[in-house]
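Structure first, then comments.
The values are calculated or read from the model by the stated rules, or taken from the named source; none is laboratory data. Please read these numbers as outputs of a predicted model, since none were measured by experiment. Neighbour counts are summed over all protein chains in view; Cβ atoms, including those assigned to glycine, are modelled from backbone coordinates with ideal geometry.
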Ligand SMILES: Nc1ncnc2c1ncn2[C@@H]1O[C@H](COP(=O)(O)OP(=O)(O)O)[C@@H](O)[C@H]1O
Ligand SMILES: [Mg+2]
């Protein structure tokens, strides 16, 4: 276990898709229990950064460490696969489009990975599913298939699925932007609960109000660089950079 | 000489036994082709060239030649290299492989059209690529091709009559044998046709049940 301050370390992260440089030397430390929001215009590299953390989009340069262990280690293929699968179990991810498994019920969505990877018995896994789905208010729909759930309900099940692996870190990539406006709140509520439990989270969002209310720190990204970062009061109220001001002007005006 | 169905009851047991063989062979070949086509699809999509290529060759042979010939080859041909299969087994293997190969491309396409986010979500919780394919991607691909595969099973049922040529006493051959004794081809071929039709209806009924069952989980 490392210093609380360096729970998540991103050091000089670089990512290029062919010639397109999407992340240009990004560094970021997140303390244990901290909640960081990433905001910025579309195409600025927010998703890519998040997806680099669990190696869905491997970096082309730089390092990512979780709790002192380097995620994107250089290892022979087989060993790397084993290593990354173990790391990913510790990093929960929630996607914009939920990506629930449509052929499995809410219960099975939650229990599949714990059963396969942690050797939980059916009883243990069921207890876990009940606990996690209860936490997101979905216990009543435990045996429903995703096709029988609303967007907000799907996203809550997806959060329960990620959380069932007892991750050290949760990543949210615009978890509410595919939802009808009236369903946003139920998902935000669940995320607030996680925040109260001091889950370490990195949240990509376009909801400035939510970010201001829940997050300890806000990063404003544009064109693959962190333009500005700081506590939400500062970034939202008194941004120092012109690009941040411009983005917030557009965004807050558009949102109202 | 008019039609006379009065001889039918006397030979009903032979015909019914033929039905049982037809159903048994069709089901066994269906199961074989079901798993076979998934295996062929996975090999075609995910294995290196040295493994993939021989299978492609086998696939070409099965697609580009008559099923009848394949049955002869498996039953009479393999004996020469020491593989002496009972006729019914040769029939099941021939039918099963033939249909597996014929439809593996259907599954390949279905696998490739499963949303990319599914693999990502599975990898994100820590599943390996193989585990994700097995538990997440392939089950969804298979569900999406159940209706065309259902139609295929009907074709398989009809083609199962071909195994009569290697001496399996399924429905068609049973009818022929009875006709050999009674000289009443019209009555007994008609009867065999009726039984095929009934089995067909039964299969469609089961398939509809399956489709209804999986309709929520898609
Ligand atoms: N797999 C990929 N291949 C090529 N370009 C990509 C890929 N993923 C993202 N990009 C590009 O990287 C840039 C940043 O994308 P992304 O991280 O999704 O931005 P954001 O989430 O901030 O909207 C965009 O220009 C996008 O087109
Ligand atoms: Mg994005």
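For the reader, a short list of remarks on this structure follows.
- Residue satisfying condition, being away from ligand 2 (no atom under 16 Å from the Cβ), part of a loop (DSSP other than H, G, I, E, B) and free of Cβ contacts under 8 Å to residues at least 12 places away in the same chain, within set A:73, A:82: A:73
- Of the strands (runs of 3 or more DSSP E) entirely within the range A:1-44, those holding at least 2 residues that are away from ligand 2 (no atom under 16 Å from the Cβ) and modelled with pLDDT of 95 or more occupy A:8-17, A:20-30.
- Every residue from the range B:76-93 that is assigned to a helix (DSSP H, G or I) and surrounded by 14 or more Cβ atoms within 10 Å (Cβ to Cβ): B:77, B:78, B:87, B:88, B:89, B:90, B:91, B:92, B:93
- Test: residue A:50 is in contact (Cβ under 8 Å) with a residue 40 or more places away in the chain, within 15 Å of ligand 2 (Cβ to nearest atom) and under 26 Å from residue A:161 (Cβ atoms): yes
- Residues in the range A:211-256 that are more than 27 Å from residue A:14 (Cα to Cα) and in contact with a strand residue (DSSP E or B) (Cβ under 7 Å, 6 or more places away or on another chain): A:214 alone.
- Considering the conditions (1) assigned to a strand (DSSP E or B); (2) within 14 Å of ligand 1 (Cβ to nearest atom); (3) within 14 Å of chain B (Cβ to nearest Cβ), residue A:57 is excluded by exactly one of them, (1).
- Flag for residue A:38 being farther than 29 Å from residue A:146 by Cβ and in contact with a helix residue (DSSP H, G or I) (Cβ under 9 Å, 6 or more places away or on another chain): no
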